[in-house]
Structure formats: structure tokens, C-alpha cells
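The numbers here are math on the coordinates, done by the rules we state, and not lab data. Keep in mind the model is a prediction, meaning the values are calculated, not measured. Cβ sites come from the backbone with ideal geometry, for glycine too, and all protein chains shown count toward neighbours.
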Amino acid sequence: MIPLKYCLLGTLLLSASNTTFADSRFSCNTLQLQNAEPLIENMIDRILTIGNIRQQYNVCRLPNSSNAAAMIYKNKRVIAYDAAYLYQLAKQSGEMHWGKVTVLAHEIGHHLYRHTDKLPALQKLPKMKQLALRRQYELQADQFAGKVLANMGASLSSTQALIRVLKVHQKVALSTHPDANKRVHAVTQGWNIGCRQAGSNCNSKIYKPNGRYKINRKTIQSPLGRSATAHYNRFMQQAETLKGARVNRNYCNLYASLAVNQTIRSQQYQCGFNVGSYGSPWNRAAAPQSNWCMKASAHATSREAKFRETKLASCVARKQQRSKQQPTHSPLGRKATKNYDRFIQHSKKLKGQRVNRAYCNLYASIATYQTKRNNQHRCGFNLGDTANRWSPAFAPQSNWCMQVRSSITAGEATYREKKLSTCIH
């Protein structure tokens, strides 16, 4: 624990609200800390994706510290924080969601600017020089946080809220942090930069688009390809066509529909995203999604949609890789029903797409053959079972398949195959 304490003491001096953050690939147990809450991990994912930031962060909880820290441990970057402290700070600011995002974005800024990397050299300087540089680092991180929040769709007042509740230092020259008024100015500068990047009019208190915004056409194509979430490509096309014009309710209802569909798919794929949490982009309720959209820009909403679609694509890719490594085989082994293994593999590849007649004809041929084997071996599974599950009629089996998802048909075929395995030896 000695290296941890050293890092905490060092990087706390660099933190915004005495909070800092960073990237690594080892378990929090290495530092005798607890894993981060899914909501915080989601927030960081959101910041990195929407901000096009390459660094990844291993985030750990640091209970009962009333603080947080960005540290470099064995040349790796780690984010440690006290959940209760972060909650209290956000509550005090009046911005439960954006307050936490401000802290996280600020600390990510420290690492992107390599402030934590400079700490050993900084400590060798005279004390007054150290303090001056640390105050400069704080303002740089504040400006970065403001820029990130503007890109994520936060208003200027929401961006300033947390900074405004920080301490005003009476003797700035002896402090590691600048006066709060200077920090508000820095975060405002950053917000204006991000706001202009989003193609919005940043000279007024209202976040109004001014027509300069344009999405790269390459981003319109879903990273899921043909398995794109319903309405994704159409929504992204509308966001581009809008070109900075003020969003309207029809546009935001489309955004909400897409967001809900993406959330449902994340649950179907069992991706483990933090669905339904306060401030989470994964929410099955359409109204909050639509209302948030009305307060944001087309730029921010399109980035949110792309964030979810990209995360879904990575989840699907992982599951497909696991499927290739662990092929599914019939519980009957060598006595497997003809074409059963091929059908199950086909079903996995089709996941997320609509079934077609050729697929359903294959399903029907397996279902009828399984029923035939059931009768041949006198297994008697059709007695009292679900209607038509053991039907020998090809057409009803194929037509039923056309009305459901591929995962359900695979489940039915597997159910019959497992039942047969208890009867056929």
C-alpha cells in the first residue's frame, strides 16, 4: 500500500475538486480497492467515446477517503474515487448527472495533458513554482472538461454548476488550486470551444444551433453493418440533414425510439451495460430520452446514438468470437438430428436480423424430423406439451418460425433435441 499512498498524495494536488483519474488493465484488487460502480464506468465510456479519446481507464472505488485520485501505478493509469464524496459534491452543485461527469472529464483531462506524468519532475522544483504550475494544470483540465460537456450536450449553466461550489482561495499564491472564479472562466472557455465544434451559437445563454454543424457521412453507416439497430441509419441521416438547425419533437421522438431499441438489444445480447440507471445512456423509457434530446443539439444526440451502436457492435463481436471458439453440438452426439448443428450455427449468425423463408424451411425440416424420431422411439413427448411443438406438419412449423426471432427458434430446436437425448440411447 505504500506506492498507493504516495500516488494519492501526489495526484490529489493536481485534482479539480480534489479528484483525479486514469488508464490500466489490472484488477482493482491489485491495489486492494473495490471495482467501480457500473454507472461511473458508463459515464467514463460515454466521455471517451463522444470525445473520441483513445485512452482506457481502470476505475476503482476508494471508500471513506472523502476524495479521489488519478495515479500512475507501474506505468499504468488508474482512477480511484470515493462514491459518497462524488455523490455529495454533485448534489451540492444541483447537477447529479453533469456534476459527476464534470469531475470525471476534468480528471481525464489531467491524464491527457500528462499532468500526472510530470509529477516527479514537478516535485523537484521550488515550492512556489510547483504551486504555480499546479494551478495552471487545474485550469487546463477545467477547460478540457468544459469542452467535453459541450460535446455531450450539457448547457453552460450545467457545466459551470460544480465548479461554482468549489472553494474560493483567499491566498491563491499558497494554494494548489486557482480561485473558483478563474476556474469558472476556464470551464466556460472550454464549453464555448466545444459548443462551436458542435456548430452552435455560443454567444447567448440558450444553446442554439447556427447551421455550421455537419456530420461525417462515414458515421452514418452503423458499425453493426447489416445488423444495424432499427432506425439507426435513418436517424443519423436526419441528424446530418439538420446541419445544426434546432432539434424538434419529431426528431427527438425518433432519437428516443432508436435509444430504446438499442437498450433492448443490449439486454437481449446480455452485454452487461448499466440499463436504467440515472444518467445512463441505456434507458428503456422513451420519454426521458426524448426530453433530453430536446435540450441538446443534433451533434450531441448523434454522438449518443453512435456511442450505443458502437458499444453494441463490440458486444456482438465478442459473442461471435466466443461462439466460434465454442461451437454448439447436439446433446445426442453422433446421433444428432440431421442438420441440427448447422441450424444452430446459422441461428447465431442471424442474431439481431430478421429471419427469412430459407432459414425457416431449415427449421421446419429439423422440427418435423425431430417429431418423427420422437414417434419412432415412442418417447411420447407430444403428450401435454406446448401445442404444435412436436408437429409433423412442415408448413405450420415454417410459418411459426417466420413470426418469431431466431433465438426463439433455436431454443425450440434445442429443447426437442435435449428431450430426445433422454429417450434415444
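Annotations
- Applying 1/(1 + (r/R0)^6) with r as the Cβ-Cβ distance of HIS425 and ASN233 and R0 = 35 angstrom yields a FRET efficiency of 0.10.
- Relative contact order of region 217-323, defined on C-alpha pairs under 8 angstrom at six or more residues apart (%): 34 percent
- In this structure, the residue pairs whose Cα-Cα separation is over 27 Å, taken from LYS74/LYS311; LYS76/LYS311; LYS74/LYS118, are LYS74/LYS311.
- Order of ILE408, ILE72 under a 10 Å beta carbon neighbour criterion, fewest first: ILE408, ILE72
- Nitroxide proxy distance, nm - points 7 Å out along Cα→Cβ at MET128 and ARG318: 5.3 nm
- Inter-label distance, nm, simple model (7 Å from Cα along the C-beta direction), TYR369/GLN268: 2.7 nm
- Gained length - ALA358 relative to ASP179, 0.36 nm times residue gap less alpha-carbon distance: 57.5 nm
- As a rough footprinting exposure proxy, the listed residues MET402, MET236 were ranked by other beta carbons within 10 Å of their own, and the order from fewest upward is MET402, MET236.
- Whole-percent pair-distance distribution, where bins are 5 Å wide, for the alpha carbons of region 285-425: 2, 9, 16, 16, 14, 11, 8, 7, 6, 5, 3, 2, 1, 0
- Among CYS252, CYS195, CYS379, the order by Cβ neighbours within 10 angstrom, fewest to most, reads CYS379, CYS252, CYS195.
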